[in-house]
């Protein structure tokens, strides 16, 4: 049953791949998106790095809640401009991503103490019984997000920097 805790990550990854691989490639990205999207990814990477490398405690949990909340707000920063550059289907996908973003970070927050062997509420402990696998998953997630950040910076700011941007 612990595998269900990974579902938000899988759904978010699938939506991101579609957004990036279909919509962004199709329309190109203006400068504000070429800069802003890696910043969004970095905010998520900071959250994931926090749960992976920082010992769990009441105080660090509060710090994580603040980081995750700021990340969830940060990713919405471009929507005022997206409405002028994106088709309706892409805007819908962004709404889905905005919904999945905090759910994914909350899932990471629940997984965090379990991977460190810290006693948690019984309902969490029953649901998340595989600390080693979950820790490995967090490491893999962190590595994939790091790769995605490098891809976003290199591809959009060097490889396809001069691709014409289509307006909707």
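Computed quantities for the displayed model
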| item | result |
| --- | --- |
| Per-region count, region 119-143, residues loosely packed, with under 15 Cβ neighbours inside 10 Å and at pLDDT 90 or above | 4 |
| Flag if residue 50 is part of a helix (DSSP H, G or I) and without any contact (Cβ under 8 Å) to a residue 60 or more places away in the chain | yes |
| Scope region 53-97; condition surrounded by fewer than 13 Cβ atoms within 10 Å (Cβ to Cβ), in contact (Cβ under 8 Å) with a residue 24 or more places away in the chain and closer than 19 Å to residue 138 by Cβ; matching residues | 55 |
| Subset of region 38-47 (residues that are in contact (Cβ under 8 Å) with a residue 40 or more places away in the chain and more than 14 Å from residue 107 (Cβ to Cβ)) | 38, 41, 42, 45 |
| In region 109-168, the residues that are assigned to a loop (DSSP other than H, G, I, E, B) and within 30 Å of residue 32 (Cα to Cα) | 160, 161, 162, 163, 164, 165, 166, 167, 168 |
| Test: residue in region 33-48 that is more than 24 Å from residue 160 (Cβ to Cβ), under 17 Å from the mean Cα position of the chain (by Cα) and surrounded by fewer than 18 Cβ atoms within 10 Å (Cβ to Cβ) | yes |
| Residue count, region 1-39 (criterion: in a loop (DSSP other than H, G, I, E, B) and either in contact with a strand residue (DSSP E or B) (Cβ under 8 Å, 6 or more places away or on another chain) or farther than 18 Å from residue 153 by Cα (or both)) | 1 |
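The values are calculated or read from the model by the stated rules, or taken from the named source; none is laboratory data. In this text the structure is predicted, and so the values were computed from the model without any measurement. Cβ atoms come from the backbone with ideal geometry, glycine included; neighbour counts cover every protein chain shown.
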